Structures are given as structure tokens and as C-alpha cells.
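Notes follow the structure.
Taken together, the values in this text are just the output of simple stated rules run on the coordinates, not laboratory data. Keep in mind it's a predicted model, so treat the numbers as computed, not measured. Heads up, the Cβs are rebuilt from the backbone with ideal geometry, glycines too, and the neighbour counts pull from every protein chain shown.
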Amino acid sequence: MDKPLYVRLRHRIQARPNQTIKLQDVAQLVGDTDIIEQVNNIAIHQVNMSDQSIVVLDVMRIIKEIRATGQELDIQTFGPAQTIVEIVYKKKKFRPMFLLPSGYYFFLVLPLPS
């Protein structure tokens, strides 16, 4: 008899470049604890530098990866059919030293209107 596994995808998650996105990051799972422990660490996607700022993971891909474990599971999905993965790149820091030359130019070099 197939054991039930209930899957609910999250709406949106954030990931960093070169991060491996696992099933536990993308979905909430309900079922037998032994099955959840085995399925939780399945790699769904490897974020690489060729990905843009957003990757969409579909529920069919999730089911395919779960089925690849070879277990006899009755997979029931609830909620959204896709998860949006927002890839967060390192932001550049604000450097006030770039502001100094333009401030010097505007306040000291330009003549004041008379």
C-alpha cells in the first residue's frame, strides 16, 4: 500500500548563488516521519551564476524528484503549483568617497549665481 505524503509548496524563497536548494527549503511536508526524513534533503536545484535573479520551480519537478527515490508514495499536493526562488546577490556597499569629488565640484568650483 502506498504511504501518503502531502506536499505544499511555499510561495517565495530566497537563495544565494551556488546554493543547493533542497526539498525542505521549497515545500512543507506532512506524512510519516521516516519518509519525511528521507525526502527532506533531496536536491531540487543548484543555483549557479547563469541563473538570473528569479528561478521558478514547478510542482511537477518536485514530484519527479520525489519519485526518483524509488519509494512507493501517494503524493498529494496542496497550495500553489510553483515556487519563486529569488536569487540574492551581494550588494555593493555605498562609498561616500565617490560623493566627495562631485560635492567639491558643485559647492566650491561652480560660481554662485548673483
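Observations on the model:
- Candidate lysines for bridging to Lys64, where Cα separation is under 28 Å - those fewer than 8 sequence places away on the same chain excluded: Lys3, Lys22
- Within the shell defined by Cβ-Cβ distances under 15 Å, the residues around Val39 carry a net charge of -2, with Lys and Arg each +1 and Asp and Glu each -1.
- Note, ³J(HN,Hα) from phi for the range 7-19, Karplus 6.51, -1.76, 1.60, rounded to Hz, x at Gly and Pro: 10, 10, 6, 7, 6, 8, 10, 10, 9, 9, x, 6, 8
- Full-stretch length increase - Val88, Ile13 - with 0.36 nm per residue and alpha-carbon distance subtracted: 26.0 nm
- Amide proton proximity set for Ala15, modelled H, under 5 Å, gap of 5+: Glu86, Ile87, Val88
- Ordering of 21-27, 87-93 by packing is 21-27, 87-93, highest average first (other Cβ atoms within 10 Å, averaged per residue).
- Three-way shape call for the range 42-87 based on the alpha-carbon gyration tensor, with the a/c threshold at 1.5: oblate
- Gain upon complete extension [Gln28, Asp2; 0.36 nm per residue less C-alpha separation]: 7.4 nm
- Whole-number D in µm²/s for the range 3-109 (Stokes-Einstein; Kirkwood sum over Cα pairs; 37 °C, 0.692 mPa s): 202
- Model label points for Ile63 and Gln46, set 7 angstrom from Cα along the Cα-to-Cβ axis, are 2.7 nm apart.
- Stretchable slack from Glu37 to Gln76, in nm (0.36 nm times residue separation minus alpha-carbon distance): 12.3 nm
- Look at the alpha carbon pairs under 8 Å that are at least 6 residues apart: their mean separation over the length of the range 3-109 gives a relative contact order of 38 percent.
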